[in-house]
Amino acid sequence: MKHMKKAAVIIVAVIILLLSAAASADGSWTCPKCGQPGNTGNFCPMCATARPSDGPWTCSRCGHLNRAEYIYCENCSEPKPQEQQWALATMKLAINAGPGTARYFNEIGTYNVKGQMVKVFAKSWDTDNDIWWIKCEIPGTDHITGWTGLKRFDQSTFDLDALPVVTYDRRTRRYVD
């Protein structure tokens with residue numbers, strides 16, 4: 001009886017694998033953001049979300065091959081393509097090295113990008129100040145990235161919930177995905 005249950009589980013798993021292979025045999029994919037089925041290109045035609053990748057990915061900035069589970073390039077910190085979004089800046093961006101109170105980061109600049117679309121990659125909740133910090137890249141610079149407050153963006157221009165959460169561990173002074 002025990003062996004029959006085990007065999008049944010294996011048969012069901014094989015059937016599921018065969019069905020999923022048949023469903024994507026034509027190369028189409030369903031968008032994870034908006035649910036649009038039958039996409040065949042590298043981006044969803046309805047919401048411009050990048051095609052998901054289950055395997056290793058190549059960084060668009062430096063060409064480094066990264067493991068599938070990494071959301072940032074381990075060589076240059078460029079975000080994985082499907083993690084990228086664009087948000088409209090509604091005021092100057094004061095960019096910091098990371099979330100937390102002032103004693104935990106160094107000011108690295110203020111950029112007048114009001115009215116421009118800014119690439120956003122991740123979010124981090126600041127428990128000391130009760131705000132979301134957003135990791136972004138400043139347009140017109142040589143890939144300068146940093147953290148700024150959510151209030152500096154028009155929230156209707158991007159999906160905050162879709163951004164990966166990054167936690168700052170003050171004990172180790174490192175970010176944890």
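Which of the residues that make up the range 31-67 are small (Gly, Ala, Ser), modelled with pLDDT under 75 and closer than 25 Å to Thr141 by Cα? Of everything in the range 31-67, those that are small (Gly, Ala, Ser), modelled with pLDDT under 75 and closer than 25 Å to Thr141 by Cα turn out to be Ala48, Ala50. Within the range 117-145, being over 16 Å from the mean Cα position of the chain (by Cα), at negative phi and without any contact (Cβ under 8 Å) to a residue 24 or more places away in the chain holds for Thr127, Ile131, Asp142. Taking the range 59-78 as the range and being assigned to a loop (DSSP other than H, G, I, E, B) and over 20 Å from Val165 (Cα atoms) as the test, the residues that pass are Cys59, Ser60, Arg61, Cys62, Gly63, His64, Asn75.
Kindly indicate whether Asp161 is free of Cβ contacts under 8 Å to residues at least 12 places away in the same chain, out of contact with any helix residue (DSSP H, G or I) (no Cβ under 8 Å at 6 or more places or on another chain) and part of a helix (DSSP H, G or I). When the stated conditions are applied, Asp161 passes them. In the range 105-115, the qualifying residues are those that are loosely packed, with under 15 Cβ neighbours inside 10 Å and in a loop (DSSP other than H, G, I, E, B), and the one that is modelled with the lowest pLDDT is Asn106.
Note on the range 89-103: residues that are buried (at least 17 other Cβ atoms within 10 Å of the Cβ) and either under 18 Å from the mean Cα position of the chain (by Cα) or modelled with pLDDT of 65 or more (or both) total 6. Check whether at least one residue in the range 128-141 is surrounded by 12 or more Cβ atoms within 10 Å (Cβ to Cβ), more than 22 Å from Tyr72 (Cβ to Cβ), of a type outside the set (Gly, Ala, Ser) and at pLDDT below 85, and report yes or no. Yes, some residue in the range 128-141 is surrounded by 12 or more Cβ atoms within 10 Å (Cβ to Cβ), more than 22 Å from Tyr72 (Cβ to Cβ), of a type outside the set (Gly, Ala, Ser) and at pLDDT below 85. Any chance the range 150-162 includes a residue that's surrounded by 13 or more Cβ atoms within 10 Å (Cβ to Cβ), modelled with pLDDT of 90 or more, farther than 11 Å from Trp86 by Cα and not polar (S, T, N, Q)? Yes, that holds for at least one residue.
The values are calculated or read from the model by the stated rules, or taken from the named source; none is laboratory data. No experiment lies behind these values; they were computed from the predicted model shown. Here the Cβ is made from the backbone with ideal geometry for all residues, glycine too, and neighbour counts use every protein chain on show.
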